[in-house]
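Q: Below: one structure in structure tokens.
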Amino acid sequence: MKKLTTSHAYNHTILILPTNSKYTNSLSFHCYYASHEINKLHLISIKSCAHHHSRENFTICIWMETTNPLFNNPDFTNQFKHYKNILIRALPEALPEALPEAIQNHILYTYGGCYFLPNFIFMRPMDALFWTYGRYVGLFQNGSSENIRNDLILSLTPQSSIFDHFMKNEHDDNIVVFPSSWIDPLSVQNPFTNLCAYQDLFNRSPFHSPIRCYCVHFGNDLSIPIKDDSFVSQQQSLLM
């Protein structure tokens, strides 16, 4: 496992954000929808992923237990009717009792792609990461700590031996650790707001300095009302 950078600050790490052309290979995004209720943050997260990756080669798979009352429920499925590349898929019968990490690992190892918990709002296409680091397993730092996040992982190749090494906690130089600022800029020193002050994004107009990360992470819910002119609302051509 190797870090892309030893720096944590947004102003340092965001400068090495790669830029490339559109990713043309087929790829699936995966998320596990465990809630039995329609959650506004989860909807925004999934729709934002589809919004920035609305091309024929990308598929966004929502994995659900067949016992979930939202599975095949029109109140839920109709939320995504505007997005042709969102699929709702049933978890294999052997998995519903498994821990979320085991579900995540099974999906990524079996199908490959990008796995995310539905509490990220996607800000831009992730093509650059796929082009540049697609042969690796890509993880992210957890803020400025030495810990590794498990809520957004890249492993584009199905049944990857590299991802197998990751699941077994075995050393592999093809496991790359990206700076947390790329998917969670408020978790590190940044020019926007106080560390972890995510509530500021719910009621604050867009930043003077445009945020250039791939995603913004929002914890577990959006319990604070979102103002119509807030930073978060700017993303919501998504709430159709």
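Q: Which lysines does Lys81 reach when only Cα atoms under 18 Å apart count, and residues fewer than 8 places away in its own chain are ignored?
A: Output for Lys81: Lys40, Lys47.
Q: Could I ask something else about it? Want the number for Arg212 to Asn150: 0.36 nm per residue separation, take away the alpha-carbon distance, what's left?
A: Full extension from Arg212 to Asn150 adds 20.1 nm.
Q: Okay, moving on. Using a 1.4 Å probe on the protein heavy atoms only, what accessible surface does Asp75 show? Give it in Å² to the nearest 10.
A: 110
Q: Follow-up question, since we're still on this one. From the C-alpha coordinates alone, can you work out the Kirkwood hydrodynamic radius of segment 13-69, in Å?
A: Kirkwood hydrodynamic radius for segment 13-69: 13.5 Å.
Q: Separate question: Any idea which of Thr13, Cys31, Asn73 is furthest toward the positive side of the dipole for segment 1-100, if Lys and Arg beta-carbons carry +1 and Asp and Glu beta-carbons -1?
A: Farthest towards the positive end: Thr13.
Q: Something else about it: Spin-label point model (7 Å from Cα, Cβ direction): what's the Ser35 to Thr110 distance in nm?
A: 2.4
Q: Could you check the simple spin-label distance between Ile16 and Thr67, using points 7 Å along Cα→Cβ, in nm with one decimal?
A: If labels sit at Ile16 and Thr67, their model points lie 4.6 nm apart.
Q: Related question: So which lysines can Lys2 reach, going by Cα to Cα under 23 Å and dropping same-chain residues fewer than 8 places off?
A: Lys168
Q: Using only the Cα atoms of segment 39-128, build the gyration tensor, take square roots of its eigenvalues as a ≥ b ≥ c, and label the shape rounded, prolate or oblate: rounded if a/c is under 1.5, else prolate if a/b is larger than b/c, else oblate.
A: Oblate is the answer for segment 39-128, as a/c is 1.5 or above yet b/c matches or exceeds a/b.
Q: Quick one: grab the alpha carbon gyration tensor of segment 138-187, order the square roots of its eigenvalues as a ≥ b ≥ c, and give me rounded if a/c is under 1.5, else prolate or oblate depending on whether a/b is larger than b/c.
A: Cα axes put segment 138-187 in the prolate bin.
Q: Taking R0 as 35 Å, what FRET efficiency do you get between Cys196 and Asp173 from their Cβ-Cβ distance, rounded to the nearest 0.05?
A: 0.65
Q: Sticking with this one: Just check segment 116-164 against the gyration tensor rule for me: Cα atoms, a ≥ b ≥ c as the square roots of the eigenvalues, rounded for a/c under 1.5, and otherwise prolate or oblate depending on whether a/b exceeds b/c.
A: Since a/c reaches 1.5 but b/c is at least a/b, the shape of segment 116-164 is classed as oblate.
Q: Shifting gears a bit: Dipole of segment 1-114, Cα-centred, from +1 at each Lys and Arg C-beta and -1 at each Asp and Glu C-beta, to the nearest 20 debye?
A: In total the dipole reaches around 600 debye.
The values are calculated or read from the model by the stated rules, or taken from the named source; none is laboratory data. Just so you know, these numbers come straight off a predicted model, no measurement behind them. As a convention, Cβ positions derive from the backbone with ideal geometry for all residues, glycine included, and neighbour counts pool all protein chains shown. These area figures cover heavy atoms from the full protein model, side chains too; ligands, DNA and RNA do not enter into them. Shrake-Rupley method; radii C 1.70, N 1.55, O 1.52, S 1.80 Å.
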